[in-house]
1. Could you tell me the calculated FRET efficiency between ALA263 and ARG318, based on Cβ-Cβ distance and R0 = 35 angstrom, to the nearest 0.05?
2. State the percentage of accessible surface on the chain attributable to carbon and sulfur atoms; use a 1.4 Å probe and exclude ligands, DNA and RNA.
3. Could you calculate the FRET efficiency of ALA81 with ASP237 from 1/(1 + (r/R0)^6), where r is the beta carbon distance between them and R0 is 45 Å, rounded to 0.05?
4. Between ILE98 and residues 5 or more places away or on another chain, which pairs have amide H atoms under 5 Å apart, with H built 1.01 Å from N, and which residues are they?
5. Going down the table (LYS2/LYS295; LYS67/LYS295; LYS195/LYS280; LYS13/LYS145; LYS55/LYS85), which pairs top 27 Å between alpha carbons?
6. Once amide H atoms are built 1.01 Å from N in the peptide plane, which residues 5 or more positions from ALA128, or in another chain, come under 5 Å H to H?
7. Can you give the local net charge around THR86? Use residues other than it whose beta-carbon is closer than 9 angstrom to its beta-carbon, Lys and Arg +1, Asp and Glu -1.
8. To the nearest 10 degrees, how steep is helix 282-296 against the longest Cα principal axis of the chain, on a 0 to 90 scale?
Amino acid sequence: MKVAFVGKGGSGKTTLSSLFVRHLAAKGLPVVAVDADINQHLGVALGLDEGRAAKIPAMGERLTEIKDYLRGDNPRITSTASMVKTTPPGTGSRLLRIGGDDPVHALGQDIVVGGGSGDGTYGVTLMATGPFNDDDLGVACYHSKTGAVELYLNHLADGPGEYVVVDMTAGADTFASGLFTRFDLMFLVAEPTRKGVGVYRQYTDYARDYDVAITVVGNKVQDEGDVAYLREHVGDDLLTWLGQSTAVRALEQGREGVALEAANDAALDRMVAAVDARAKDWDKYQRQAVEFHVKNARSWANRAVGEDLADQVDPDFRFPAVPA
């Protein structure tokens, strides 16, 4: 399953992303964590020091290599240069598998993290879009980085019991491309404040017409009054919530091995159950990819590339079944 963590800046989405990744890994499940936030803090949240986290190859800087590999021998894509972030897979495209031996996953780094309950260490593959560099400042937007993630997810045939967890950039910038349709479930991290629930309203308004699954996870909840406030403003979309945590504070201080509180651990279990309950609909997944590709082609990509990129759509392509 493909999972996104979204929310306003400072809501704790990177912290919750890292806790969720640890929780999955502690169950022995294959998990790829992707840092797609402009601030690039997921590696540190997973226990890396800043120096090691900064050495993870940036997907955004390897976009040409990624395109060249995924293109394969798809005859509808005339060149690597004509492949844009929304280009969907077709006959001849190379699909990716979690744990596969391919140059895209090779950009990730296998790391060892502590489990959500602090009772062991487990393996995770961490990938990163990369931060802005000096050449980007003043001339590029962060979509040039997250485009690599969109292509990755477009071409990823994930199977049962496999997870990709993406820590998205803060705010509603998620909706600046079709990336928000690439997930089986989006966890919107909301503090029990007016700003916290305001982002929820913004997200649900934008996603209303696109059959996107969004559920709310409350964070920094202190008492029943906070829970009541979230229920009042998000209703049945409130899945669960996490409270103040000495274990999380320990992780933020670089101390591993402190067990997560039982209530917070149970909240993570509810989140995993919500993800696993989602039905996989590959036909809808490809249909949404095609819809946004054609929309982008007409809006800007045709002019930028100099050809009609709607021709890249393969009407006969279907994702293959992935065995358990």
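1. 0.20
2. The value for the chain is 48 percent carbon and sulfur by accessible area.
3. 0.60
4. Under 5 Å from the amide H of ILE98 lie the amide H atoms of GLY159, each far enough along the sequence or on another chain.
5. Violating the 27 Å limit, Cα to Cα: LYS195/LYS280.
6. ASP35, MET59
7. Once positives and negatives cancel, what remains is +1.
8. 70
The values are calculated or read from the model by the stated rules, or taken from the named source; none is laboratory data. If you're wondering where the values come from, they're calculated on a predicted model, not measured in any experiment. Don't worry about glycine lacking a Cβ; one is built from the backbone with ideal geometry, like all the others, and counts go over all protein chains shown. All accessible areas refer to the heavy atoms of the entire protein, side chains included, with ligands and DNA or RNA removed. Shrake-Rupley method; radii C 1.70, N 1.55, O 1.52, S 1.80 Å.
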